[in-house]
Each structure stands twice: as C-alpha cells, then as structure tokens.
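Written below as structure tokens is the structure these notes are about.
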Amino acid sequence: MSLPDSTHLPVVLDRLRRPLRDLRISVTDRCNFRCTYCMPAGVFGENYRFLPRKDVLRFEEIERLVQLIVKQGARKLRITGGEPLVRAELPTLLRALARIPNVEDLALTTNGYLLSEQAKDLKAAGLQRLTISLDSLDSDTFAKLNGRGYALQRVLQGIQSAENAGYRQIKINAVIQRGVNEPDVLALAEYFRGTGHILRFIEFMDVGTMNDWKPRDVVGGDEILHTLSEHWPLEPIDPNYRGEVATRYQYADGAGEIGLIRSVTAPFCGDCTRARLSADGRLVTCLFAQSGLDLKTPLRDGISDAKLEAMLRGFWSERHDRYSEERASLHEERLKSGRIEMFEIGG
Ligand code: SAM
Ligand code: SF4
Ligand code: SF4
C-alpha cells in the first residue's frame, strides 16, 4: 500500500510513547446476532435497552470527530459495531470518511449475515477491506454460537459476494473456544486455504462482563499453530508494519496466509496504537477500559474544533493502559468491574 506523506502532521504520544494510528468506529450498539461470547441472548433479550436513536452519533458528527482524530495521527479507520451492516445508509458515511485527507485505509468488520445485499454498494462507497467474523463451518455450532439459530450458508454467500465485488483484501476472523469449536481450526483452514483470504484466529478474551470467560476456555495461539502445522507446514512471515496485532504465517505449499492474534497468551499492549469511538460518541483507548471520554456532549454543545482537538490530544497523551499485559496481576474485582462491553466498541 502506498501511503501519502504525513510527516508534516503533529504526532501525539501517550505516556508509554505510543502514537495514535488506528481508529475503530462503532456505528451502532445493535446486532442481528447474539453471539454467546459477546451479547448472550439471555442478557440481550426483548427487554434489553439499546441506545436510543438520539444518543447515537449522526453521520455528520462521526465525520467531524474522525477528521479531528485523523489530525492527531490516526491513519487507518475500521467501521464496526455491534453489527455495522444494521445501520441504515452506511455507504453515505463511508463516502464521507473516504474523502478525509490522510485516511490511508478504510476497513469494516462484520458478521457477514447482511453482506450479500451490501458488499457491492459498500465497495463503491470507498470501503477497501473487509473482515468477516466466522467461528464455525459446522451449521449446528454456527447456529448455536450466533444465538439466533441463523444459517451458516448466508454468511458463506456474503463472503462470496464480497469476492465478486473485488475487495482489495478479505480477512476471516475466528474466535476458538475450548470445547465449543476447536474442530473448526482445521475446518476453517481447509476451507480458506488457496482462496487468497487471510484466516486469523483470535484468542477468546475476557472483554466485558457478560461472557463468563475462564482462562481454560482460551485456545492459545501456540496450540492452534501446532494443530495447523501437523497438517500443513507453516513458515513465519514478517509483520506488514510495526504494531500489527496478528503474527503472520504462510503455508509452505503456497496456499496462502494465516494469522494468530494472541491477545491473551502474548499481549501486544506495547504496540497498541488504537482508539475506539463508541456509537454514542465516547472515545475509548483500551478494549478493557471502564469508561471513555464523552465527545458527544461537547460536540452537541457547540464546542470549537480547536477545543475538541485539545481534548483529544490531552486524552491520548494521558493514556497508559496495558490491560492484557497486567491481566495476570490484577485482582478479580478489577477484572470484572464495570467494563465496557465488546459490542459497544467493536473490538
Ligand atoms: N458484529 C461484527 C462482527 O462480529 O464482526 C463487528 C463487531 S464484533 C464485537 C468484532 C469482533 O470481536 C468479532 O470478530 C468478534 O468475534 C470479536 N469478539 C467479540 N467478543 C470477543 C471475545 N470475548 N474475545 C475475542 N473476540 C471477540
Ligand atoms: Fe454481534 Fe459481532 Fe457481538 Fe456477534 S461478535 S454479537 S456479531 S457484535
Ligand atoms: Fe491495547 Fe488494551 Fe488490548 Fe493492551 S489490552 S493491546 S492496551 S486494547
């Protein structure tokens, strides 16, 4: 990827000297799935109160905030949710974000269920890369994991539509849980080998407070690597850039690339350059944060760009979170108390 020169822009560093490089933008807290590890159906039932519409940032508000966050150094944008494809008129937002100077990458993470209908329009609006979450190729396991009994076939069709639309890159993300979908390590690898898509295995994390996470549920990256290597020899490959969260490998027989995101067993907080904008306009620095900086209130009160920028710089420069590196030494209460949920900030 050729990157425009951005050396003239100021760089804001946090207290661990990490720059702000990536921004995840959650466009909704709602989702059509009820994944057991993210929005368990028992908790997110009929009576669950999602954000009222008035509290969700409008596209113009997102655009203004993103412009200012890009000015602080962010270059890569990822749209997420909840499920981003349930937000109406998403191409309108993408078109606006794609026009912001110095944005070098525009990607989106989706569960893929509504992708068949939207893949083409999203691409035409400026979306460059897609990540599709897919944890199982077994119809029953998939139906159980999505909490709604939804059919696997629709996601596979969504992936096909994305292929047809001609995206620059398609990644498939799978979270493997002990005793739930371990056989899918090999099944997914087999299915996506040779397709050109990059399959990435994400360690099951203790994000939020709802998924009853236990260390023993985590299938570690090393174990996954071992399982894969027994079938197809793998060779390590260099990261694409400093701070890449996935460790990359390629099949020795040339059938493509896989990645391991070892957030639990090999944390990468030292290179964490991400900020997250929640659907209701909070800026959050760590996946495991207990709160965020409210930007919506000042925005709607008519704050100037200069003051907003100062807020952003101040917030990032005070940042010192490195939760995953500290996980082992934190007490149980801190581990569970009032954390932001994954569906609020989208990973
Ligand atoms: N709904 C979209 C999706 O599922 O792709 C975007 C939002 S979802 C919160 C983003 C990613 O977070 C998904 O790939 C999902 O598998 C992952 N995720 C959610 N909870 C997780 C957890 N506890 N540990 C690891 N990954 C998790
Ligand atoms: Fe929805 Fe994504 Fe969370 Fe699953 S992981 S419940 S698809 S937001
Ligand atoms: Fe970044 Fe927090 Fe994850 Fe560490 S735990 S990599 S600081 S989001």
Can you tell me which residue within the range 71-102, out of those that are among the β-branched types (V, I, T) and out of contact with any Lys or Arg (no Cβ under 7 Å at 6 or more places or on another chain), is most open to solvent (accessible area, probe 1.4 Å)? T92
Quick one: is A279 surrounded by 21 or more Cβ atoms within 10 Å (Cβ to Cβ), under 28 Å from Q72 (Cα atoms), in contact (Cβ under 8 Å) with a residue 24 or more places away in the chain and within 16 Å of ligand 1 (Cβ to nearest atom)? yes
Give the residue, chosen from A266, A252, that is of a type in the set (A, V, I, L, M, F, W, C), closer than 30 Å to A189 by Cβ, open to solvent by 30 Å² or more (accessible area, probe 1.4 Å) and touching a helix residue (DSSP H, G or I) at 6+ places or on another chain (Cβ under 9 Å). A266
For V12, state whether it is away from ligand 1 (no atom under 16 Å from the Cβ) and either at positive phi or modelled with pLDDT of 95 or more (or both). no
Can you tell me which residue within the range 100-124, out of those that are among the polar types (S, T, N, Q) and part of a loop (DSSP other than H, G, I, E, B), is nearest to R53 (Cα to Cα)? N111
Kindly provide the set of residues from the range 89-119 that are away from ligand 1 (no atom under 16 Å from the Cβ) and of a type in the set (G, A, S), ordered by number. A96, A98
Does the range 143-158 hold any residues that are open to solvent by less than 10 Å² (accessible area, probe 1.4 Å) and over 21 Å from D121 (Cα atoms), and which are they? N146
Kindly indicate the residue of the range 289-301 that is more than 22 Å from the chain's Cα centre (by Cα) and open to solvent by 60 Å² or more (accessible area, probe 1.4 Å) and also farthest from ligand 3 (Cβ to nearest atom) among those meeting that condition. D301
Those residues of the range 205-244 that are open to solvent by 30 Å² or more (accessible area, probe 1.4 Å), within 16 Å of ligand 3 (Cβ to nearest atom), assigned to a loop (DSSP other than H, G, I, E, B) and closer than 30 Å to Q290 by Cα come to a total of 5
Going through (1) surrounded by fewer than 22 Cβ atoms within 10 Å (Cβ to Cβ); (2) over 20 Å from the mean Cα position of the chain (by Cα); (3) polar (S, T, N, Q) one by one, Q169 fails only at (2)
Only residues that are among the charged types (D, E, K, R), more than 27 Å from T247 (Cβ to Cβ) and in a helix (DSSP H, G or I): list them for the range 125-174, please. D140, K144, R154
Given the criterion out of contact with any Leu (no Cβ under 9 Å at 6 or more places or on another chain), touching a residue at least 12 places away in the same chain (Cβ under 8 Å), away from ligand 3 (no atom under 16 Å from the Cβ) and not in a loop (DSSP other than H, G, I, E, B), identify the matching residue among L77, L97, L93. L93
Does T297 satisfy the condition of being touching a residue at least 60 places away in the same chain (Cβ under 8 Å) and among the β-branched types (V, I, T)? no
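The values are calculated or read from the model by the stated rules, or taken from the named source; none is laboratory data. Please read these numbers as outputs of a predicted model, since none were measured by experiment. Because the Cβ atoms are built from the backbone with ideal geometry, glycine has one as well, and the counts that use them run over all protein chains shown. Side chains included, ligands, DNA and RNA excluded: accessible areas come from the protein's heavy atoms. Shrake-Rupley method; radii C 1.70, N 1.55, O 1.52, S 1.80 Å.
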